[in-house]
1. Could you give every pair whose Cβ atoms fall below 6 Å, whose first residue belongs to segment 74-97 and is free of Cβ contacts under 8 Å to residues at least 24 places away in the same chain, and whose second residue is buried (at least 20 other Cβ atoms within 10 Å of the Cβ) and among the aliphatic types (A, V, I, L, M), counting only separations of at least 6 or pairs across chains?
2. For segment 40-48, does any single residue satisfy the condition of being aliphatic (A, V, I, L, M) and within 13 Å of the ligand (Cβ to nearest atom)?
3. Out of curiosity, is I261 within 16 Å of the ligand (Cβ to nearest atom), out of contact with any Asp or Glu (no Cβ under 8 Å at 6 or more places or on another chain) and either of a type in the set (V, I, T) or not assigned by TED's automatic domain parsing to the domain that holds R228 (or both)?
4. Only one of S141, S111 is within 16 Å of the ligand (Cβ to nearest atom) and in contact with a helix residue (DSSP H, G or I) (Cβ under 9 Å, 6 or more places away or on another chain); which?
5. Closer than 21 Å to R129 by Cα and hydrophobic (A, V, I, L, M, F, W, C) - does that describe any residue in segment 214-221?
6. When the residues of segment 110-156 are narrowed to those that are under 19 Å from the mean Cα position of the chain (by Cα) and of a type in the set (F, W, Y), which ends up nearest to N257 (Cα to Cα)?
7. If I filter segment 75-90 down to residues being hydrophobic (A, V, I, L, M, F, W, C) and crowded, with 22+ Cβ neighbours inside 10 Å, which single residue comes out as nearest to the ligand (Cβ to nearest atom)?
8. Output the qualifying pairs, or none if there are none: Cβ atoms under 6 angstrom, residues six or more apart or on different chains, first residue in segment 310-323 and assigned by TED's automatic domain parsing to the domain that holds A239, second residue near the ligand (Cβ under 9 Å from one of its atoms) and part of a strand (DSSP E or B).
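The values are calculated or read from the model by the stated rules, or taken from the named source; none is laboratory data. This one's a predicted model, so the numbers in the text were calculated from it and none came from an experiment. Heads up, the Cβs are rebuilt from the backbone with ideal geometry, glycines too, and the neighbour counts pull from every protein chain shown.
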Amino acid sequence: MKRYAHITSCGMAVPERVFTNQDLEKMVDTTDEWIISRTGIHERHIASPQETTASLATAAALNALDPTPLDPDDVQLIIVASATPEHIFPATACIVQDNIGAVNAGAFDLSAACTGFIFAVNMAAQAIRSGSIDNAIVIGSETLSKIVNWEDRNTCVLFGDGAGAFVLQASEIPGGVLSCVMRSDGSGGDLLSVPAGGSQMPTTMETVAHNLHTIQMNGREVFRFATREMAAATREAVAIAQLQLDDINLIVPHQANRRIIETAARSLRVPMDRIIMNIDRYGNTSTASIPIAVCEAMDEGRIQSEDNLVLVGFGAGLTWGAMVIRCVETEVYVAPTRRARRRFLFVLARLRSFVRRVLRKLEGLIWSTSSKK
Ligand code: COA
């Protein structure tokens, strides 16, 4: 029997704090009018010091799991796509795995900047279709506010924080992820980067003093690349799915700039009412922008069963990609008692993690004392 990888649920989480263009006017030489006319952004959510990429990812994953029949120990794979991971290592996905008590899941991070969510969904879908796993949680999560230079008006007005997650499950019903195009061009790596903090330029007093741990961007070149590749990748993904552009009900583009999205839509000859756009309220949340836009469109009833969607993104690397998804009603009734029990399991997961840490320390102590004897 052929297997298909369906998106059965999605969830999102954004920080409470909203940062408006007027707030930015007080920090850098910019205006509300300039930001809106050049980018379409009115406001963005900004993480508090306590909120991190992993905490937002965990909240989005729990929201996505809630309506599904999956308990934490049923989850088999967790992929976090992020440009702002919690650490170089361990992977943010492992922190999420521990937070939600997914004791049987493999977990890893995927780094492809803003295109990361599309690449990660494709990896999970392929693993499901191959039969190696039955389900996965894919998360895009970012705290870009922590790597933005708040004195650089070219970049600080663009980005926001947030997380979005998809639950993917195997099914014999045709649909789900129908096609995916994944592309990259490393020769454009310098157009959008965080130069320092990796092995090529480790952290020193100089790298900190010269702001090399923050986002550096050639905005005009990124703009040109994005408008060129978004339309091409969309066309290719639609063709691989053996569909026509007219068969696509909605396009969900990476939310980087309203003008980039409008230019791509014009080039595809797709009217704007078939394009999802929420950049005005979130800014560019990198890997989180597409799943957040899908969650909102779902909540607003804009996505119906049997709809064909295109998700299309681009970002640092350079990377870009597009995928076609057929949404098929797979809703399963989950009793409120089961949901309540599951929420209790999530609380238990935190306790289990604490106990494991204490036991590991004790074991280490006992081992080092006995090995000295
Ligand atoms: N407020 C006021 N003026 C600003 C400004 C701001 N926040 N940021 C830049 N400017 C100025 C520039 O300094 C420049 O001034 P100059 O002509 O005196 O040098 C002027 O505005 C125009 O700059 P330009 O680069 O032509 O603007 P633009 O119309 O291309 O818009 C971006 C700039 C960054 C909004 C646009 O290039 C863009 O969105 N690029 C893609 C970025 C992106 O999506 N990155 C993430 C990819 S995942």
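1. Listed pairs, sorted by first residue: C94/A107; Q97/I78; Q97/A105; Q97/A107.
2. Looking only at segment 40-48, we keep the residues that are aliphatic (A, V, I, L, M), and these are 41, 46-47.
Now narrow it down to the ones that are within 13 Å of the ligand (Cβ to nearest atom): 41.
Checking segment 40-48: at least one residue is aliphatic (A, V, I, L, M) and within 13 Å of the ligand (Cβ to nearest atom).
3. Working: within 16 Å of the ligand (Cβ to nearest atom): yes; out of contact with any Asp or Glu (no Cβ under 8 Å at 6 or more places or on another chain): yes; either of a type in the set (V, I, T) or not assigned by TED's automatic domain parsing to the domain that holds R228 (or both): yes.
Yes.
4. Details: S111 fails: in contact with a helix residue (DSSP H, G or I) (Cβ under 9 Å, 6 or more places away or on another chain).
Answer to the selection: S141.
5. Taking segment 214-221 and keeping what is closer than 21 Å to R129 by Cα, we get none.
Among the residues of segment 214-221, not one is closer than 21 Å to R129 by Cα and hydrophobic (A, V, I, L, M, F, W, C), which makes the answer no.
6. Step one: list which residues in segment 110-156 are under 19 Å from the mean Cα position of the chain (by Cα), which gives 110-127, 135-148.
Next, only the ones that are of a type in the set (F, W, Y) stay: 117, 119.
On the way: F117: 18, F119: 21 Å.
Checked segment 110-156; the qualifying residue nearest to N257 (Cα to Cα) is F117.
7. Filtering segment 75-90 down to residues hydrophobic (A, V, I, L, M, F, W, C) leaves 75, 77-81, 83, 88-89.
With crowded, with 22+ Cβ neighbours inside 10 Å added as a condition, the list becomes 75, 77-81, 83.
Numbers: V75: 29, L77: 26, I78: 24, I79: 19, V80: 18, A81: 13, A83: 9 Å.
Once the filter is applied, the top-ranked residue is A83.
8. Every condition considered, the pairs that remain are A316/L192; W320/F314.
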